[in-house]
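*Asks:* Quick one: structure below, then a few questions.
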Amino acid sequence: MTARHRILLLGGTGDSRALAARLVERDDLEVITSLAGRTEHPLAIPGSLRIGGFGGVDALARYLDEEKIDLLIDATHPFAERISENAEAACRESGTPRLVLSRAPWEPVAGDRWITVADAEAAAEALKGLARQVFLSVGRQELEAFEGLRDTWFLVRMIDAPRGDLPLKNYEVVLGRGPFEANGERALILLHGIQALVTKNSGGEATYAKIAVARELGLPVIMIERPSARKAEVAASVDEALKWISQRL
Ligand code: NAP
């Protein structure tokens, strides 16, 4: 029997789970999804799973060699910059072909009131004088940027309940994991008297409803742009990624 091709799938997104589900259907492949381990109870993922950081570029390159990985698919979130940089360098070092799976960013449409900013610090700056009740839909790691806004009240959405206080003066936490529907997002926004939203430009359908609801209600959206794209072969959908994999093997 011929050896099965081994694919390392850097995960943490809905697309990475969807791709894993498609890849495990093939008998000629073995798929290992890697998660950082940020979420306490990740959703079930088809195929093998490894959890936790690799320990930097050289360690990841070593893993690729030792585990005889034929292809690496970087399906991490577009804002997870460090792991993508590491993957780029480790694949170069080990000569492993790499594909980035990344949804196209959202684009504004008629009726949107977007204020586009480069990072969380600029988003906090843009909120000054704009809104007092804010829906903050960013990661835990970005919350500190909003610490100085002592007169603003934040609705903070998180997957896991925080273990301690958040670095904000006035806030409420709402727990939730996408995909989110427009009706739920509208209710949340109206119930809390939200005057503005802050979000990263993640792209994709799963978290777009809040943007559509903001447009419908005429609310401003502070949109944090993606870090500049790195050079890579990119697939914008699971189907495109499957095509690339078939061509490579
Ligand atoms: P990051 O800043 O790019 O990565 C920090 C470190 O975490 C990396 O150097 C690596 O550690 C480890 N790591 C990250 N992703 C990993 C993976 N898939 N498998 C193994 N190790 C990983 O990442 P982040 O922004 O904290 O995001 C962490 C995870 O959450 C990612 O997998 C991402 O897909 C997911 N996520 C992120 C966001 C976001 O907005 N950033 C949103 C949704 C989901 P070592 O150097 O030790 O290898």
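*Asks:* Please note which strands (runs of 3 or more DSSP E) are completely contained in the range 184-237 and include at least 1 residues that are closer than 17 Å to LEU155 by Cβ.
*Replies:* Result: 196-200, 220-224.
*Asks:* For the range 38-47, enumerate the residues that are open to solvent by less than 60 Å² (accessible area, probe 1.4 Å) and either at pLDDT 95 or above or more than 14 Å from the ligand (Cβ to nearest atom) (or both). Talk me through it step by step, then tell me what you get.
*Replies:* Initial filter on the range 38-47 (open to solvent by less than 60 Å² (accessible area, probe 1.4 Å)): 39, 42, 45-47.
Across the range 38-47, the qualifying residues are ILE45, PRO46, GLY47.
Conditions (1) open to solvent by less than 40 Å² (accessible area, probe 1.4 Å); (2) within 16 Å of the ligand (Cβ to nearest atom); (3) outside any loop (DSSP other than H, G, I, E, B), marked per residue:
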position: ARG82; (1), (2), (3): no, yes, yes
position: VAL100; (1), (2), (3): yes, yes, yes
position: TRP114; (1), (2), (3): no, no, yes
position: ARG150; (1), (2), (3): no, no, no
position: VAL156; (1), (2), (3): yes, yes, yes
position: PHE180; (1), (2), (3): no, yes, no
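Yes or no, residue by residue, for (1) on the phi > 0 side of the Ramachandran plot; (2) among the aliphatic types (A, V, I, L, M); (3) not assigned by TED's automatic domain parsing to the domain that holds PHE79:
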position	(1), (2), (3)
PHE154	no, no, yes
ASP160	no, no, yes
LEU175	no, yes, yes
GLY178	no, no, yes
VAL198	no, yes, yes
LYS210	no, no, yes
ARG215	no, no, yes
GLY218	yes, no, yes
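*Asks:* Another question about this same structure. Please count how many residues of the range 24-36 are within 16 Å of the ligand (Cβ to nearest atom) and open to solvent by less than 50 Å² (accessible area, probe 1.4 Å).
*Replies:* Within the range 24-36, the subset within 16 Å of the ligand (Cβ to nearest atom) is 31-36.
Right, trim to open to solvent by less than 50 Å² (accessible area, probe 1.4 Å) and you get 31-35.
Here the count works out to 5.
*Asks:* Same structure, new question: Quick check on this structure: which one of ARG50, ARG62 is free of Cβ contacts under 8 Å to residues at least 60 places away in the same chain, more than 10 Å from the ligand (Cβ to nearest atom) and more than 30 Å from ARG215 (Cβ to Cβ)?
*Replies:* Values: ARG50 fails: more than 10 Å from the ligand (Cβ to nearest atom).
Exactly one residue qualifies, and that residue is ARG62.
*Asks:* Picking from ALA124, ALA131, ALA110, ALA104, which residue would you name as being farther than 30 Å from GLU67 by Cβ and either in contact with a His (Cβ under 6 Å, 6 or more places away or on another chain) or in a helix (DSSP H, G or I) (or both)?
*Replies:* Result: ALA124 is the single residue among ALA124, ALA131, ALA110, ALA104 that is farther than 30 Å from GLU67 by Cβ and either in contact with a His (Cβ under 6 Å, 6 or more places away or on another chain) or in a helix (DSSP H, G or I) (or both).
*Asks:* Check ALA124, ALA110, ALA90, ALA161 and return the single one that is closer than 24 Å to ARG17 by Cβ, more than 16 Å from the ligand (Cβ to nearest atom), free of Cβ contacts under 8 Å to residues at least 40 places away in the same chain and of a type in the set (Gly, Ala, Ser).
*Replies:* On inspection, the qualifying residue turns out to be ALA161.
*Asks:* Can you find, within the range 1-23, the residue that is surrounded by the most Cβ atoms within 10 Å (Cβ to Cβ) among those that are within 18 Å of ALA80 (Cβ to Cβ) and among the hydroxyl-bearing types (Ser, Thr, Tyr)?
*Replies:* Result: SER16.
*Asks:* Could you list, in sequence order, all residues of the range 148-160 that are out of contact with any helix residue (DSSP H, G or I) (no Cβ under 8 Å at 6 or more places or on another chain) and modelled with pLDDT of 95 or more?
*Replies:* Across the range 148-160, the qualifying residues are ARG150, ASP151, TRP153, ARG157.
*Asks:* Something else: Only one of ALA187, ALA145, ALA196, ALA123 is open to solvent by less than 20 Å² (accessible area, probe 1.4 Å) and out of contact with any Leu (no Cβ under 7 Å at 6 or more places or on another chain). Can you tell me which?
*Replies:* Working: ALA187 fails: open to solvent by less than 20 Å² (accessible area, probe 1.4 Å); ALA145 fails: open to solvent by less than 20 Å² (accessible area, probe 1.4 Å); ALA196 fails: out of contact with any Leu (no Cβ under 7 Å at 6 or more places or on another chain).
ALA123 is the lone residue from the list that is open to solvent by less than 20 Å² (accessible area, probe 1.4 Å) and out of contact with any Leu (no Cβ under 7 Å at 6 or more places or on another chain).
The values are calculated or read from the model by the stated rules, or taken from the named source; none is laboratory data. Predicted model only: the values in this text are computed from it and were never measured. As a convention, Cβ positions derive from the backbone with ideal geometry for all residues, glycine included, and neighbour counts pool all protein chains shown. We work out accessible area using only protein heavy atoms, side chains counted, and drop any ligands, DNA or RNA first. Shrake-Rupley method; radii C 1.70, N 1.55, O 1.52, S 1.80 Å.
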